[in-house]
Amino acid sequence: MTYYYKGFPQSTRDEVLHMVNVEELARKAKDVMPEAAYYYVASGAENEWTWRANTSAFNHYQIIPRALTNMSHPQLDTEFMGMKLKTPVMIAPIACHGIANKAAEVGTQKGAAAAGALFSSSTYANKSVEDIAAAAPNAPRYFQLYLSKDWKFNRMVFDAIKKTGYKGIWLTVDALVSGYREANLRTHFTYPVPLDFFTRYLGGKGEGQTVAQMYAASAQKIGPKDVQRIKDESGLPVFIKGITNAEDAYKAIGAGADGVYVTNHGGREVDGEPATVDDLPEVAKAVAHRVPVVFDSGVRRGSHVFKALALGADMVGIGRPFLYGLALGGAKGVKSVIDQYNKELLIDMELTGCKTIEDVKHAKIAHIRYTADNLPSDTDPTRMKPYPVTKYNQMKSDEADASSGASEA
């Protein structure tokens, strides 16, 4: 059930998960993940206002049900950039899946492939792109690029992802430096498991690094000319990940981007910026169907997927919930999470007379104004609850590495 890498506990579970909703998994994941690793996933920047607003803001939009539609058995199949998918729900890119499960990105890819969903892997992945591709050779996958200051590194990445069948690149521009993540500071988090691209290029650098140290290796200056250079050198479509307003959408398209990715990095960067779903309508209007729109941040319900599609998204990414599913159930757990979103989305489609995903994109949505909270982060001492201690989530005392930030038995 648990494997130890230098004392760091990694779940080895691979089982179907039963849930009423995906939010349940956040609490259960604490039982198998060390405290520092859990809060690396579960937290946001500063007071976490944007992190919370990403989910609560979906309540600003209301689905208008339709009656007498003479419709049944809606279908989730969709097409994106020439790829035929069984669902518009996709795996959003997140670093270091090995903090959730020993199978890491290989497990996530297997789960996504079993669900017929698009998978994304990060430059900061634990598993190699070769191992990920071998786990599901014919599955659709995109690669999230943290552009390096070192173009030799970038070219190594491009060569590897082309050889292993990646279909495109999400170019990250919303995390040029690390946001002020208090949970990481309080738990002294460092990446506890090697990151493959850094291991193969730098001989192991990546393990034991803080988030801020890892980001420091990335390019902080990214401009329109870089988009075309990445397209030319990779030979792959490039989406700009981190677009939250019309001006940047125009700039991205003008720079030759093949699509835009609307996200605020899950509330992990600028605390106080709008919820991503509140940015989506403006960006979708600016894009005007000239290029596809991808969306993530705060998606916790099938109704959230429905609303995002109706507000202009073509694909809707999920993040933290699939990592909890990976921790609790491996590849089967990841598929279970996607299945839960699909189950809820299908119900909303049937109740609104939407036979296809294309119908959802034309569904009627209402909007109301809202107020916001001003709570401190969940890891603030005034709010933080005792972390559970189980036999699965503790460091082995004789192998513990103090730099990992994991709690010791």
So, with points 7 Å from each Cα along the Cβ direction, the Asp150-Ile365 label distance in nm works out to 4.2 nm
About its Cα centre, the range 214-320 carries a charge dipole, from +1 on Lys and Arg Cβ atoms and -1 on Asp and Glu Cβ atoms, whose size in debye to the nearest 20 is 200 debye
The summed charge of the Gly329 Cβ neighbourhood (under 12 Å; Lys/Arg +1, Asp/Glu -1) stands at +2
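Among residues other than Pro388 whose Cβ falls under 13 Å from its Cβ, what is the net charge (Lys/Arg +1, Asp/Glu -1)?
Working: positive: Arg27, Lys28, Lys30, Lys385, Lys391; negative: Asp31, Glu35.
Taking every other residue near Pro388 into account, the sum is +3.
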Dividing the mean separation of Cα pairs under 8 Å (6+ apart) by the residue count of the chain yields a relative contact order in percent of 31 percent
Per DSSP, the loop-located GluC sites (Glu not before Pro) within the range 2-57 having at most 15 other beta carbons within 10 Å are Glu15, Glu23
For Gly319, the net charge from surrounding residues (Cβ-Cβ under 11 Å; K, R +1; D, E -1) works out to +2
Footprinting proxy, Thr164, Thr199, Thr263: sorted fewest to most Cβ within 10 Å, the residues are Thr199, Thr164, Thr263
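Give the residue list of trypsin sites (Lys or Arg not before Pro) in the range 186-262 that are DSSP loop and have at most 12 other beta-carbon atoms within 10 angstrom. Kindly include the intermediate steps, with their values, before the conclusion.
Working: sites: Arg186, Arg200, Lys205, Lys221, Lys225, Arg229, Lys231, Lys241, Lys251; in loops: Lys221.
Passing sites in the range 186-262 are Lys221.
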Across Pro65, Pro192, Pro381, the residue with the highest GNM fluctuation in the chain (Cα network, 10 Å cutoff) is Pro381
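If you take every DSSP beta bridge fully contained in the chain, what fraction is antiparallel? Give it as a percent rounded to 5. Kindly include the intermediate steps, with their values, before the conclusion.
Details: 11 of 36 bridges.
Around 30 percent of the beta bridges assigned by DSSP in the chain are antiparallel ones.
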Expected unfolding gain across Lys343-Arg200 under the 0.36 nm per residue rule, minus the alpha-carbon gap, is 47.4 nm
If one builds a Gaussian network model of the chain from Cα atoms under 10 Å apart, the most fluctuating residue listed among Met19, Met349, Met33 is Met19
So, with points 7 Å from each Cα along the Cβ direction, the Arg66-Arg27 label distance in nm works out to 3.8 nm
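So which chymotrypsin sites (Phe, Trp or Tyr not before Pro) in the range 249-344 pass both tests, a DSSP loop state and at most 10 other Cβ atoms within 10 Å of the Cβ? Could you put the intermediate results ahead of the total?
Numbers: sites: Tyr250, Tyr261, Phe295, Phe306, Phe322, Tyr324, Tyr341; in loops: none.
Taking the range 249-344 and a limit of 10 other Cβ atoms within 10 Å, no loop chymotrypsin sites (Phe, Trp or Tyr not before Pro) are found.
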Expected unfolding gain across Ala288-Asp77 under the 0.36 nm per residue rule, minus the alpha-carbon gap, is 73.7 nm
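Since every read-out is calculated from the coordinates, none of them should be taken as a lab result. Keep in mind it's a predicted model, so treat the numbers as computed, not measured. Cβ atoms come from the backbone with ideal geometry, glycine included; neighbour counts cover every protein chain shown.
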